[in-house]
Amino acid sequence: MRDLLGGKGANLAEMASLGLPVPPGFTITTEVCTYFYANGKEYPKELQAEVDAAIAHIEKSVGTTFGDAKNPLLVSVRSGARVSMPGMMDTVLNLGLNDETAEGLAKKSGDRRFAYDSYRRFIQMYGNVVLGVEHHNFEEALELHKQDRGVELDTELNAEDWQKIIADYKQRIQEEIGKPFPQEPREQLWGAIGAVFGSWQIPRAQTYRKINNIPEEWGTAVNVQAMVFGNMGNDCATGVAFTRNPSTGADEFYGEYLVNAQGEDVVAGIRTPQHLTVAGKKANKSTLPAMEEVMPAVFKQLDDVRHKLERHYRDMQDIEFTVQQGKLYMLQTRNGKRTAPAALKIAVDLCSEGLIDQKTAVARVEPASLDQLLQSASRSQGEERGHGPRSPGQSGCSQRQGRVLLRRGRGSRRQGRAGDPGARRNEPRRHPRHARRGRHPDHPWRHDQPRGGGGARHGPALRLRRGRPPGR
């Protein structure tokens, strides 16, 4: 269903069908995006009724009401193309907050700071993504307020601080666009849906599609989900992880998380993230506690999810998750990016574990990665023969594993140029010195090139063997 639901929507549906903890939601398909651009940025007539019905389904699932002042439902709105386009399109979190629902969320949660922190995040994201207010307007207001308070971290601000910052954000939006920040949740929702579809045609997304040969007519889907909060206190967190090490390919849980944070905090660089595992903490000489230490029960559940996703997708996964008051929620999974050595090791290991066959293992390693690995292997062989020390960990897998898979993917050494095994053994020997004597006209150093002078031991042959071109 990837073509219809987009990568994110298809994987969310797949995780839900596996019984993993996924927040309830719905996907507006890529076909709507295609219709949107083919019809002057208008939606199909039946779409509004279908969205209303889907919102009602979420309300019933989580026991909250969209726009209710006392018990508000908040949602996230995210893009999701057929193929991953990281950082290219837009996301809006905490949608549904306004002056009334923020106060209702504060009373319901018993945490005013959490409620108004979520509200200021929503205004900042919606103002930038949907209303087109430059991001620096919000960052400047926040930094000025932190300077006035004499603090460095966002987490040091209290509810009253956030209310003052919210007032400043609203004023800046009014000045920039000439109208107030929208307070009606359904107006907010349709504004965010339109912004996600609109982000398909922004310059950076168009450039990314051209570079990666992604057809323009594919479009993007829109995923609307009930919000889960990683910023409700110290029993909440959010993080990203790989089911294996993407640098080396080692079978180890690899990722980072932040306590009392929302998703964008992990990648924003505002706070120093913590490692998931004790081993990762030690390897990186971190003094911050690992999730394995702070939230052992949640970590065990997340580790179980890691293995379940790998067995299901039969590949390394890149996942996003949130912990709300000690309960784990999965927000995304997709095939993880990896280095060339990691790609080779992961392919070999998954094959040996019986998750994929040899043909699939070879297909998992990109041709460019094979070339890179062959060059690395050649350098390593030269170093082993006395041409310099070999750096530890240069390859993500053993030499034997690499040679086996490379032979399967590139052919045997004995295979001739025409594909006839053994043909190379039957070819005449081509010594570089023969080029000077004209025995093989197709050799790179042809007989019509000038002789290097000085006899056979000082001509082109000797220079070529030493790695220097003739005449240098």
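Each value in this text was obtained by applying a stated rule to the coordinates, not by laboratory testing. Being a predicted model, the structure only gives us computed values, none of them experimental. Note that each Cβ is placed from the backbone with ideal geometry, even for glycine, and that neighbours are counted across all protein chains shown.
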Q: Take the alpha carbon atoms of segment 159-187, find their center, do the same for segment 40-94, and report the distance between the two centers in whole angstrom.
A: 21
Q. What is the gain in length, in nm to one decimal, between residue 1 and residue 374 on full extension, counting 0.36 nm per residue of separation less the C-alpha to C-alpha distance?
A. 130.6 nm
Q | Additional length obtainable on full extension of the chain from residue 314 to residue 235, 0.36 nm per residue less Cα span | A | 25.2 nm
Q: Describe numerically, in nm with one decimal, the distance between label points set 7 Å from Cα along Cα→Cβ at residue 46 and at residue 164.
A: 5.4
Q.
Could you give each residue of segment 69-85 its phi-based ³J(HN,Hα) in whole Hz, using Karplus coefficients 6.51, -1.76, 1.60 with θ = phi - 60°, and x for Gly or Pro?
A. 6, 9, 9, x, 8, 10, 10, 9, 10, 10, 7, x, 6, 4, 10, 5, 10
Q.
Can you return the lysines within cross-link range of residue 8? Criterion is Cα-Cα under 17 Å, with same-chain partners fewer than 8 residues away left out.
A. 337
Q. What ranking of 166, 28 emerges when the number of other C-beta atoms within 10 Å of each C-beta is taken as an exposure proxy, fewest first?
A. 166, 28
Q.
Quick one: 3J(HN,Hα) in Hz for segment 31-42, Karplus 6.51/-1.76/1.60 with θ = phi - 60°, rounded, Gly and Pro as x.
A. 4, 5, 4, 4, 4, 4, 7, 7, 10, x, 6, 10
Q: Straight distance only, please: which lysines reach the Cα of residue 164 with their own Cα at less than 22 Å, same-chain residues fewer than 8 apart left out?
A: 107, 108, 146, 179
Q: Compute the length gained on full extension between residue 201 and residue 282: take 0.36 nm times their separation in residues and subtract their Cα-Cα distance, giving the result in nm to one decimal.
A: 24.8 nm
Q) Given H placed 1.01 Å from N in the peptide plane, which residues other than close sequence neighbours of residue 81 have an amide H under 5 Å from its amide H? A) 7, 8, 221
Q.
Net charge around residue 246, counting only other residues with Cβ within less than 14 Å of its Cβ (Lys, Arg = +1; Asp, Glu = -1)?
A. 0
Q. With r defined as the distance between the Cβ atoms of residue 352 and residue 300 and R0 fixed at 22 Å, what FRET efficiency is calculated, to the nearest 0.05?
A. 0.25
